[in-house]
Structure formats: C-alpha cells, structure tokens
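Report on one structure; see the data block that follows.
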C-alpha cells in the first residue's frame, strides 16, 4: 500500500493506492464519522464490487443509491434522487457518503455530499483508471447541464481516496484507453521523464498490467496532489490540469454527453492543444508528432468529430469555466512536460486548429 | 446609512442598512467584480423594484431570472432554471449574482451562486423584513426537498448585504408579521433589553413604521453578525439561531411548503419551544406567557396546525439538520434573552408540547 497526501490545511487527506484496498476495513473505518453510510454507485459497479464493499462495512448502517451507468446521468435531477434517498432514511449530518465508481459517480456523489445538509463527509473509491489517476483527487465535484459540462459544482474535498488497483483488471479496453488520456495529460504538463516511461509502457497500461497501472496511478496522484496542494481553487497553476479539456468539453457537449468517453474527448483535445501550440510558435512540430503518436497508441482519437464546424466549436468553447471577460483561455505546451496558460493568440490559428482537427479523418 | 460587518477572515463582508440604499450605485459597484450581472428576483418584486435596481446598474451587462413568488418554488428544479439562464448568456466566472427579494430568492440565488462554475460572487438585496433581519445575513443558502426544508444547501457568504428599509413600506401586513417572528427570536435568544423594546414597539413594526423597522433591522443584524462571526458553520453557538425552527420546519414540511409563511411557522415554533422549556423546568411560566403574548401581538400563530398529530410531528422533526445520532436537538430557553441547546429531555414532555400546541385552537 502506498500513501500520498493532498496538503490543504484542515482539508488535507490521504490517497491510498494498492491492490485489495477496497476490502481493507481498517483502512476505511477511520474516515467514517458516524454510524450511517450512503454508498453511491452505478449498475455496472454494483454487480462487480458493491458486495465486497458492503462486507467491508458490515459494522455500519449502510444504504445505497444505484445510478444508471454513463455521463448522461451526471445531472441535477439524478442528484435529487441521491438527496431523496438520504432523506428517506433519514440520514443525519454525520452520514458518510462513499463514491464507488468512475468519474461520473465521484463527481455527482461529491457534489451531493457537499450540498446535503450544507456538507457531509465523503470518501472516494475510484474504480476506473481515469478516476484513479485524475478525477477522484483534488475535490472538483460537478454535474452537467445540457448547455455545458461540469458547469454546476463545488470544490469539496473527500476525507480520503482509496485507489484499489486490482479492480482495474475488469475494465474494458475502451475505459483503459480513456484513463490513459489523463495519464498522458499529466506527463505532458509536468513530467518529461514520466512521458518517456509512457512511450515505453503505454501498451502495458491498455492491456491492464497491474504493476504498470499502479506505477502510473501513483505518478499521476503525486503530480496532481502537488498541484492541488498549491492551488486548491484554481486561481493559477491548477488551471494547467485542464490541458486538452476546453477542446474536449466542447466535443462532449457538442455531440452530446456520453457519446464519446471523457478521456476520448481529452485525447482529441490534447492533439488540438498541441496543434495550436505549434501554430502559435510555442512547440516544435516533432514534439507534436510524438504526442500524437502516444495518444494514438493509447487507443484514443487524435482528431475531433467531423460533425462539428469551427463556428459551433468556438461557440461551445465559450461556455467553459476557462472563459473570463469573453476570452477563452487556452492551456498550451512549450515542450513535453511544460504547459502554460495563454490569453493572447491568433483567432485565425484557433480556427485553423479546429478545422484541421475536425476534417482529418 | 449604517454599516455593520460580518467578520469571517477572507469571507468578511459589510451589511449596509438605510433608506434608499437600493438606488445607491456607489454603494453597490465596489462589490461587482466583472461586467456581467445576473439578478434573481420574483414576479412580485420585479414589478416593484427591479427597474430601480436596473437603473442603478446601468453601466453593467445586466441579465435576470424572474421566479414565481413563494416558498414552493425554492427547489432544485428552479435552481436549474437559474443555471440555464446563466449558461445561455453565457455568464463567466466573474459574473456577479444579485438576490433581489425575500428569503426564498436569497436562499436559492445564494445556492446557485455557490454552485455555478464552483462559485461566483453574489450580493444580497433583501426586500422583506424577514430577509433583512435574518435570512440575508450569515451565508446560509438552500433549497427545499419535498421531504425536508433547507436540507440541500451551502454555507456561502455574499460579498455584501444591502438592506434598503424604504422598500418594506410596501409589504403586506402578513409579511411584516412573519418578519417579526425572526426579530422576536433574536431578542429571545440573546438580548433582553431588545425584547423589552419589542414589548413597547411591536405595533409600530407591523404597521411599517420605517424608523422602528430600521432600529429592529440593525439590532438583529448586529446580533446575528456577532454570532455568525464566532461560528460560521454552526458547530456550536450558531445553532441557537434555530430557536423555534425545528418545530417550525416540521409545520412547514408537514402541511406543505408555502401554506404557512416561514415566519408564521417560526412564531408557533417559538411558542412550542417556550412550552417545552417550561415542561423541562428551565423557564418560568410567566416568561412563557410574555413570549406568547408578544408573538400574538405580532399577528403570528401561537399554536400548531391541528391537522398534525404528535407522531407525524416527531417524524417530521427527525428529518432536520439538528438531528444527530437519532436525537433531535432542541433549542430551549432558560430566560428571556437566554437560550441553550438541549440533547436530553423527556420524550413525554415533547409529545405533550406538540399535542397541546396542535389542539388549542
């Protein structure tokens, strides 16, 4: 078992990474405040891991909400289902909520925990690669509106994150690829040696090699917890973690949430960010090529959906949390391992990037 | 113009109290961060004061959401309407939201501001007596579920509160009475001299005498900001502000939100708290009688709705934020001006209080 720490004064918490962590009652118990537990999960995870977790929590008064599986269910109205389940028990303000699932479950459960009775404790038990390497760490919680992804949410930190790498072996290849998008993103923005490691080992990750996965999870959690500890509420450096995401969110909202997996949209989005970085004179073309090759080897799309034209795309990008005073802020690359926030760029370059990306297949 | 301060480190903010404050652009402008403003109000207030506020904000890019008037509209689905209005513009994270209205508008707008893009600034401009003396101060925001009042929400502080006492002269008498419930509550839990003043002046308040109202607003804001500054998130002393509210919320939820005004339910709830205080041997009967008389003179109900029996009532009370580990915590009185939190009491006494309160009319 490896332990990392997200350092946020009184909101600090540990991340535990290891095989079988889900079944380790002694690991989880210290983070459960009262006797009531509300597990939020989805239908797929229910059939795979819910009974294991319930066995681990046999001493508690356990309740659960089972959502359908998929990004389109990350809505305010499903949040209301969670509130109704809590109120029906009724759960008091000492209830501990547990998100057992991927990014969707973690985001909606965390948001519900932040709002129920103005905030109750919650624990993240991420069961997808994407959630273990990215979304379960850092306290970003949200639901989608049909007008924009993650536009409704809170910064609300969990009491701990438990990443059981053994659960990832059941993941379908598409989910493993989606998780690799956030792994590649993390290397791209902060860690060139880790990028080199990924160039050596990407096939091990998408074939669910547990030790390779455990290594990647640890690297990503290390880098992310370092960044979040410095800038919890994204006033500065944390925005770099959005590399590929402004493009990616536009894809997801534009073609409908859940059609592409989030990681797939981020894969294409990172290729677009790299392309824009080259057009802006920040990144060398051979670096862009290496980035694109790695994303492709991870089984991810390297171009946008052809049904979006550049006008739609820019309109979609302008509904994003990175927009301030009418300017879409972009995260661009100056090198592999080095990202920066850019407010000033040529809008012709941006259009060219989008048109190129959405027409190359 | 009088200025008070809620002292919460980096979340500190001023409360301005005065006649005509709504039309004072210089007062409001420093609290508007960017160029976009989203006003949330209701149909009634729209016809009375929206144009004044829009004139004050003529230099900004002003948008608005008009909700129907009433507690039953303080729901998550109306919150979604606010999010959609914000996203349609689209408003960025520098938008300033303004709650122009009573407690319902303040609560829902504050909650939406806390969630939109994980938090944007907001300003409270309370237009009812109840909102000026209580709900606009202290950062409690919430929406209702049909299973419980204010069970979904956030602690989210405004950037400032602007209480324009001149707007209260248009209030119907029923609203003035409802506001008096929170005024009496404030005196009861913390300030005997203020209670004496109320015994002298309650008729001036319910007949909309502006200088009496301005005095009462200032006293209430002073006491509340003092308590909130000591205990923002209700880990201790702030819970005393719930005097009459656990009973009151049960009435509101039990008969359906919006049938009784919140202040009316709190009026009856305070009579029940006083009755329970006497039964528990904490309060003298003659004090209870003085409390009841003042509440009655304020035009408020002094008994519960006859349609609720004690079993239903206790079930309703057990869905409340004051419930921890299956115990309903009560705020009781030891004297006029002196309240305390009580975990241990006779459940027979509680039943007797409810049965007496719901059968005396």
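Structure data summary
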{"read-out": "Options B:114, B:179: the member that is farther than 21 Å from residue B:230 by Cβ, more than 14 Å from every other protein chain (Cβ to nearest Cβ) and modelled with pLDDT of 95 or more", "value": "B:179"}
{"read-out": "Qualifying residue in region B:94-114 (condition: out of contact with any strand residue (DSSP E or B) (no Cβ under 8 Å at 6 or more places or on another chain) and without any contact (Cβ under 8 Å) to a residue 40 or more places away in the chain)", "value": "no"}
{"read-out": "Set A:298, A:250, A:352: member being surrounded by 19 or more Cβ atoms within 10 Å (Cβ to Cβ) and away from chain B (no Cβ under 14 Å)", "value": "A:298"}
{"read-out": "Residue match in region A:41-51 (condition: free of Cβ contacts under 8 Å to residues at least 40 places away in the same chain, in contact with a helix residue (DSSP H, G or I) (Cβ under 9 Å, 6 or more places away or on another chain), under 22 Å from residue A:179 (Cα atoms) and not assigned by TED's automatic domain parsing to the domain that holds residue A:252)", "value": "no"}
{"read-out": "Residue match in region B:132-142 (condition: more than 14 Å from chain A (Cβ to nearest Cβ) and surrounded by fewer than 18 Cβ atoms within 10 Å (Cβ to Cβ))", "value": "no"}
{"read-out": "Residue check for residue B:234: more than 24 Å from residue B:289 (Cα to Cα) and in a loop (DSSP other than H, G, I, E, B)", "value": "yes"}
{"read-out": "Where a residue in region A:64-86 is within 14 Å of chain B (Cβ to nearest Cβ) and free of Cβ contacts under 8 Å to residues at least 40 places away in the same chain and its partner, wherever it lies, is surrounded by 17 or more Cβ atoms within 10 Å (Cβ to Cβ) and outside any helix (DSSP H, G or I), with Cβ under 6 Å and at least six apart", "value": "A:83/B:145; A:83/B:152"}
{"read-out": "Residue within region A:328-343 that is surrounded by fewer than 18 Cβ atoms within 10 Å (Cβ to Cβ) and either over 22 Å from residue A:188 (Cβ atoms) or not assigned by TED's automatic domain parsing to the domain that holds residue A:290 (or both) present", "value": "no"}
{"read-out": "So residue A:198, is it in contact with a strand residue (DSSP E or B) (Cβ under 8 Å, 6 or more places away or on another chain) and assigned to a helix (DSSP H, G or I)", "value": "no"}
{"read-out": "Checklist (1) farther than 15 Å from residue B:322 by Cα; (2) outside any helix (DSSP H, G or I) applied to residue B:287, failing item", "value": "(2)"}
{"read-out": "Check on residue B:169, surrounded by fewer than 24 Cβ atoms within 10 Å (Cβ to Cβ) and free of Cβ contacts under 8 Å to residues at least 40 places away in the same chain", "value": "no"}
{"read-out": "Failed criterion for residue A:227 (all others in (1) crowded, with 24+ Cβ neighbours inside 10 Å; (2) more than 14 Å from chain B (Cβ to nearest Cβ) hold)", "value": "(1)"}
{"read-out": "Residue selected from region B:145-166 under the condition more than 16 Å from residue A:118 (Cα to Cα) and not in a loop (DSSP other than H, G, I, E, B), by the criterion farthest from the other protein chains (Cβ to nearest Cβ)", "value": "B:166"}
{"read-out": "Only one of B:356, B:345 that is out of contact with any strand residue (DSSP E or B) (no Cβ under 9 Å at 6 or more places or on another chain) and at pLDDT 90 or above", "value": "B:356"}
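The values are calculated or read from the model by the stated rules, or taken from the named source; none is laboratory data. All values derive from a computational prediction rather than experimental measurement. Ideal geometry is used to build each Cβ from the backbone, glycine not excepted, and the neighbour counts take in all protein chains shown.
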